[in-house]
Amino acid sequence: MRTDVQNLDDTRTDIALLDRIVSRDEQAVAELYDRHHRLLFGLILRILRDRSEAEEVLQEVFVLVWTRAQTYNVALGSPAAWLVRIARNRGIDRLRANNVRVRAAESAPLPVAGDSPEASAALSEQQRVVACALESLPQDQRVLIEQAYFLGLTQSELAERFKLPLGTVKTRIRTGMMALREQLSQVFIEQ
């Protein structure tokens with residue numbers, strides 16, 4: 001059983017490691033990883049129930065620690081509790097993104113063997129029109145929309161991936177979707 005003195009020493013060590021990470025000491029990340037990876041991996045694995053997914057999320061957690069160590073606030077709890085919150089949130093985000101991907105795949109229309117060549121051609125033409133409409137968007141909007149809808153990434157994941165504020169991601173996706181809607185409504189009304 002751990003004593004309060006041992007817990008206090010562990011917390012002080014972790015705080016010192018975070019200070020070193022803020023100073024861009026790569027060895028400090030490795031030491032923090034060695035101290036906490038088992039606990040965090042176990043938590044993430046319980047959330048995702050997939051070992052390879054849990055390994056990826058664990059890596060994301062320590063990338064976030066590297067990029068956001070300066071956001072740690074001792075008044076909000078120990079470094080271990082901060083790491084657990086990050087790991088839990090990243091695990092839940094991944095689980096949600098995976099669920100979105102599964103739902104999107106399940107709801108995608110599948111070609112039916114009895115479809116006529118005309119129906120297949122019409123579907124092909126619709127796909128071409130949507131692809132052209134996507135290509136006409138500014139790249140900053142198109143990339144976010146593609147990764148959100150085709151890869152199932154959440155807006156929070158996109159903000160982290162592209163180092164953008166969450167509000168910027170939401171605005172770009174909304175603006176791009178409105179432009180797509182406008183373009184596609186004109187095309188499909190003309191047909």
Fill in: Spacing of the two label points (7 Å from each Cα toward its C-beta) at Leu76 and Gln155, in nm
2.0
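When only C-alpha pairs under 8 Å and at least 6 residues apart count, what is the relative contact order of segment 112-190, in percent?
On the way: 38 pairs, mean separation 25.2, N = 79.
For segment 112-190, the relative contact order is 32 percent.
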Worksheet entry | the chain, helix-only ellipticity at 222 nm - DSSP H runs n ≥ 4, -39,500 (n - 2.57), divided by all residues, nearest 500 | -27500 deg cm²/dmol
Practice prompt. Return the distance in nm (one decimal) between the two label points of a simple spin-label model at Val143 and Ser185, each offset 7 Å from Cα along Cα→Cβ.
Written response: 2.9
Worksheet item: If you stretched the chain out fully between Asp25 and Val5, how much longer would it get, using 0.36 nm times the residue separation minus the C-alpha to C-alpha distance?
Response: 4.5 nm
Worksheet entry | Burial ranking of peptide ranges 77-83, 36-42 (average Cβ count within 10 Å, highest at the top) | 77-83, 36-42
Worksheet item: Using 1/(1 + (r/R0)^6) with R0 = 45 angstrom and r between the beta carbons of Ala121 and Asn98, what's the FRET efficiency to the nearest 0.05?
Response: 0.85
Worksheet item: Binning every alpha carbon pair distance of the chain at 5 Å from zero, what are the percents per bin?
Response: 1, 7, 12, 13, 14, 12, 10, 8, 7, 5, 4, 3, 2, 1, 0, 0
Discussion item. Between 0 and 90 degrees, rounded to the nearest ten: what's the tilt of helix 139-149 against the longest Cα principal axis of the chain?
Written reply: 80
Worksheet, complete the sentence: Taking Cα atoms only, helix 4-22 is inclined relative to the longest principal axis of the chain by an angle, in degrees rounded to 10, of 50
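Tell me whether segment 4-103 comes out rounded, prolate or oblate; compute the Cα gyration tensor, take square roots of the eigenvalues as a ≥ b ≥ c, and use a/c under 1.5 as the rounded threshold.
On the way: a/c = 2.15, a/b = 1.86, b/c = 1.15.
Prolate, since a/c reaches 1.5 and a/b exceeds b/c.
Only the coordinates and a few stated rules stand behind these numbers; no lab work does. Note that the coordinates shown come from a computational prediction; the quantities given were computed from them, not determined experimentally. Every residue, glycine as well, gets a Cβ built from its backbone with ideal geometry; the counts of neighbours run over all protein chains shown.
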